[in-house]
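*Asks:* Handing you this structure, nothing more for now.
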Amino acid sequence: MLDTGLKDKVVIATGANHGMGAATAIAFVKQGAKVLITYYRFAAEAYGEISEEEIAKATTPGRAYYCKMQTQTADHVAAAIEKLGGKCFAIEADLADTANIPMLFDKAEQHLGPVDVLVNNAAYGKCDTFVPQSELGDKPVFADELPMKTITADSHDAHFAVNSRGTALMMAEFAKRFIARKGKDGRIINISTDGAYYHPCAVSYGASKLGMESFARAAATELGPYGITVNVISPGAVQTGWIVPRIIKEIEKNYPLRRIGKPEDIANAIVFFASKQADWINGQVLYVGGGNRM
């Protein structure tokens, strides 16, 4: 059996109440790590006109189901981890609020110990575009379901506050504490998107992720001498509850492996970057998308 060197390591995994974050937390626990998971429940109205009844009844991927996933707690993830015999602490925190960032590390140290691995998975994502509202019509949508609006200062800033600034400050807090305690083999793994270079219909999301990738490359250069590697996972289309069944085949026919991703596909790559097998890998962006981007 391959030894990843992750036993008893302390991990912070953000955005872990569902999808890739939840799968990542469970994957680390299976390797013997201890995990602090964060989540933030966005208001349901952020997903457009949708009733509480629709959200509660939703069982099929799409806008209502994705809203259901995004607005739940992480209790079920913590329960799954406890069932595996793992150690976990869950906390709700909005990473747009900069005061929450040192608090998360304080909580990790209090409940689990000093942090060895940081996974920046939490993201703010809403669909915005440069096309004027007058051209979009009454209720424009992306991927058949998700509401789309013309970019505004607010939509721009909401994305960058979490995806770019929040990630940068999480990395800085990790580095400060890790270096102060003279830690060894530190790992930072940031989650981007293979649409970061340009992302029509989600322009602020894509740009904020590309900014985060720039932060990661700079951090890899600056923090490498302190024994910290910084790498980026860039996922293709992963079913986290947003891809409606009727467009899956349309997406899959463009992927060489002919399927969309599962959260576990991304979790496996994250665990690899955190493992001792990745000791000499630093400053890289790994596309994990069935060959969608090479």
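The values are calculated or read from the model by the stated rules, or taken from the named source; none is laboratory data. Please read these numbers as outputs of a predicted model, since none were measured by experiment. Neighbour counts run over all protein chains shown; Cβ positions are idealised from the backbone, glycine included.
*Asks:* Criterion first (among the β-branched types (V, I, T), crowded, with 22+ Cβ neighbours inside 10 Å and either free of Cβ contacts under 8 Å to residues at least 24 places away in the same chain or not in a loop (DSSP other than H, G, I, E, B) (or both)) does I188 satisfy it? Walk me through how you get there before you give the answer.
*Replies:* Values: among the β-branched types (V, I, T): yes; crowded, with 22+ Cβ neighbours inside 10 Å: yes; either free of Cβ contacts under 8 Å to residues at least 24 places away in the same chain or not in a loop (DSSP other than H, G, I, E, B) (or both): yes.
Against the criterion (among the β-branched types (V, I, T), crowded, with 22+ Cβ neighbours inside 10 Å and either free of Cβ contacts under 8 Å to residues at least 24 places away in the same chain or not in a loop (DSSP other than H, G, I, E, B) (or both)), I188 qualifies.
*Asks:* Mind checking which pairs have a first residue in segment 262-290 that is more than 14 Å from A23 (Cβ to Cβ) and in contact (Cβ under 8 Å) with a residue 40 or more places away in the chain and a second that is among the acidic types (D, E) and assigned to a helix (DSSP H, G or I), Cβ under 9 Å, 6 or more apart or different chains?
*Replies:* What qualifies is V285/E213; G289/D265; G290/E252; G290/D265.
*Asks:* Of the numbered conditions (1) under 17 Å from the mean Cα position of the chain (by Cα); (2) basic (K, R); (3) not in a helix (DSSP H, G or I), K149 fails exactly one; give the number of that condition.
*Replies:* The number of the failed condition is (1).
*Asks:* Taking K176, is it in a strand (DSSP E or B) and basic (K, R)?
*Replies:* Values: in a strand (DSSP E or B): no; basic (K, R): yes.
Taking the combined requirement at face value, the residue does not satisfy it.
*Asks:* Out of A202, A153, A237, I need the residue that is touching a helix residue (DSSP H, G or I) at 6+ places or on another chain (Cβ under 8 Å) and of a type in the set (A, V, I, L, M). Which one?
*Replies:* Details: A202 fails: touching a helix residue (DSSP H, G or I) at 6+ places or on another chain (Cβ under 8 Å); A153 fails: touching a helix residue (DSSP H, G or I) at 6+ places or on another chain (Cβ under 8 Å).
Going through A202, A153, A237 in turn, the sole match is A237.
*Asks:* While we're here: Sort out which residues of segment 50-77 are in contact (Cβ under 8 Å) with a residue 24 or more places away in the chain and out of contact with any helix residue (DSSP H, G or I) (no Cβ under 9 Å at 6 or more places or on another chain), and write them in order of number.
*Replies:* Q72, T73
*Asks:* For residues in segment 238-256 being among the β-branched types (V, I, T) and part of a loop (DSSP other than H, G, I, E, B), which is farthest from M294 (Cα to Cα)? Before the answer, list the steps.
*Replies:* First pass over segment 238-256, keeping only residues among the β-branched types (V, I, T): 238, 240, 243-244, 247-248, 251.
Still in the running and part of a loop (DSSP other than H, G, I, E, B): 240, 243-244.
Details: T240: 22, I243: 22, V244: 25 Å.
Per the criteria, the residue is V244.
*Asks:* Would you confirm, using the coordinates I've provided, whether M69 is in contact with a Gly (Cβ under 6 Å, 6 or more places away or on another chain) and surrounded by fewer than 24 Cβ atoms within 10 Å (Cβ to Cβ)?
*Replies:* Values: in contact with a Gly (Cβ under 6 Å, 6 or more places away or on another chain): yes; surrounded by fewer than 24 Cβ atoms within 10 Å (Cβ to Cβ): yes.
Yes: the conditions hold for M69.
*Asks:* Test of understanding: among G32, G15, which residue is in contact with a strand residue (DSSP E or B) (Cβ under 7 Å, 6 or more places away or on another chain), of a type outside the set (S, T, Y), in a loop (DSSP other than H, G, I, E, B) and closer than 30 Å to D116 by Cα? I'd like the intermediate steps shown before the answer.
*Replies:* Numbers: G32 fails: in contact with a strand residue (DSSP E or B) (Cβ under 7 Å, 6 or more places away or on another chain).
On inspection, the qualifying residue turns out to be G15.
*Asks:* Let me ask you something else. Looking at segment 20-33, can you tell me whether even one residue there is surrounded by 17 or more Cβ atoms within 10 Å (Cβ to Cβ), free of Cβ contacts under 8 Å to residues at least 60 places away in the same chain and among the β-branched types (V, I, T)? Reasoning before the result, please.
*Replies:* At the first step, the residues of segment 20-33 found to be surrounded by 17 or more Cβ atoms within 10 Å (Cβ to Cβ) are 20-29, 31, 33.
Now restrict to residues that are free of Cβ contacts under 8 Å to residues at least 60 places away in the same chain: 29.
Next cut, among the β-branched types (V, I, T) only: 29.
Yes.
*Asks:* Taking D194 and the conditions (1) in contact with a strand residue (DSSP E or B) (Cβ under 7 Å, 6 or more places away or on another chain); (2) assigned to a helix (DSSP H, G or I); (3) not small (G, A, S), which numbered condition does it fall short on, given that it satisfies the others?
*Replies:* All conditions pass for D194, except number (2).
*Asks:* Taking the criterion of being surrounded by 20 or more Cβ atoms within 10 Å (Cβ to Cβ) and either in a loop (DSSP other than H, G, I, E, B) or out of contact with any strand residue (DSSP E or B) (no Cβ under 8 Å at 6 or more places or on another chain) (or both), would at least one residue in segment 257-268 satisfy it?
*Replies:* There is at least one residue in segment 257-268 that is surrounded by 20 or more Cβ atoms within 10 Å (Cβ to Cβ) and either in a loop (DSSP other than H, G, I, E, B) or out of contact with any strand residue (DSSP E or B) (no Cβ under 8 Å at 6 or more places or on another chain) (or both).
*Asks:* Follow-up. Within segment 107-140, take every residue that is among the basic types (K, R) and either in contact with a helix residue (DSSP H, G or I) (Cβ under 6 Å, 6 or more places away or on another chain) or over 17 Å from A16 (Cα atoms) (or both) and give me the one that is modelled with the lowest pLDDT. Before the answer, list the steps.
*Replies:* Restricting attention to segment 107-140, the residues satisfying the condition of being among the basic types (K, R) are 107, 126, 139.
Subsequent filtering for residues that are either in contact with a helix residue (DSSP H, G or I) (Cβ under 6 Å, 6 or more places away or on another chain) or over 17 Å from A16 (Cα atoms) (or both) retains 126, 139.
Numbers: K126: 93, K139: 79.
Once the filter is applied, the top-ranked residue is K139.
*Asks:* Given (1) buried (at least 16 other Cβ atoms within 10 Å of the Cβ); (2) under 18 Å from N231 (Cα atoms); (3) small (G, A, S); (4) within 18 Å of the chain's Cα centre (by Cα), identify the lone condition not met by A161.
*Replies:* (2)
*Asks:* Which is more than 17 Å from M170 (Cα to Cα), of a type outside the set (A, V, I, L, M, F, W, C) and crowded, with 21+ Cβ neighbours inside 10 Å, of S208, S234? Walk me through it before giving the result.
*Replies:* Numbers: S208 fails: more than 17 Å from M170 (Cα to Cα).
After ruling out the rest, the residue left standing is S234.
*Asks:* Also, quick follow-up: Considering only residues that are within 18 Å of the chain's Cα centre (by Cα), of a type in the set (A, V, I, L, M) and in a strand (DSSP E or B), which ones fall in segment 218-237?
*Replies:* The answer is V230, V232, I233.
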